[in-house]
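Step one of this worksheet: look at the structure below.
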Amino acid sequence: MRRPHHDVAAIAANDSMSRGMEIAGTTAVFFLIGFALDRVVGTTPWLMVGFVLLGVIGQFARSYYVYNAAMAVHEQRRAHAAQARPIGSES
């Protein structure tokens with residue numbers, strides 16, 4: 001049974017919101033770690049900037065690999081559905 005269109009859109013919006021919050025939260029945590037280390041070591045603002053860049057780059061790399069994995073699954077399902085469809089049935 002297929003889900004109604006509005007349910008699929010709500011799930012996609014919820015997933016996007018959680019990914020955005022994850023990126024913002026991770027960046028904030030790395031900022032705080034860098035800020036605290038800068039205060040202890042006395043290298044303001046270098047560790048803070050370095051940790052923020054590390055967090056942002058890490059999150060975008062993670063997003064890239066998660067997206068590629070999701071697209072690989074999507075393409076496999078699409079290819080499987082195309083093979084299961086009888087020849088000559090256009091829909």
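The values are calculated or read from the model by the stated rules, or taken from the named source; none is laboratory data. Keep in mind that this is a model prediction, so the values were computed, not measured. Don't worry about glycine lacking a Cβ; one is built from the backbone with ideal geometry, like all the others, and counts go over all protein chains shown.
Among the residues of region 29-44, the ones that are touching a helix residue (DSSP H, G or I) at 6+ places or on another chain (Cβ under 6 Å) and at pLDDT below 95 come to 1 in all. Yes or no: residue 90 surrounded by 11 or more Cβ atoms within 10 Å (Cβ to Cβ), of a type in the set (D, E, K, R) and either at pLDDT 85 or above or not in a helix (DSSP H, G or I) (or both)? Criteria not met by residue 90.
Could you list, in sequence order, the residues of region 40-81 that are aliphatic (A, V, I, L, M) and exposed (fewer than 13 other Cβ atoms within 10 Å of the Cβ)? Within region 40-81, 40, 41, 57, 61, 66, 69, 70, 71, 72, 73, 79, 81 meet the criteria. A residue that is among the polar types (S, T, N, Q) and modelled with pLDDT of 95 or more can be found somewhere in region 20-28.
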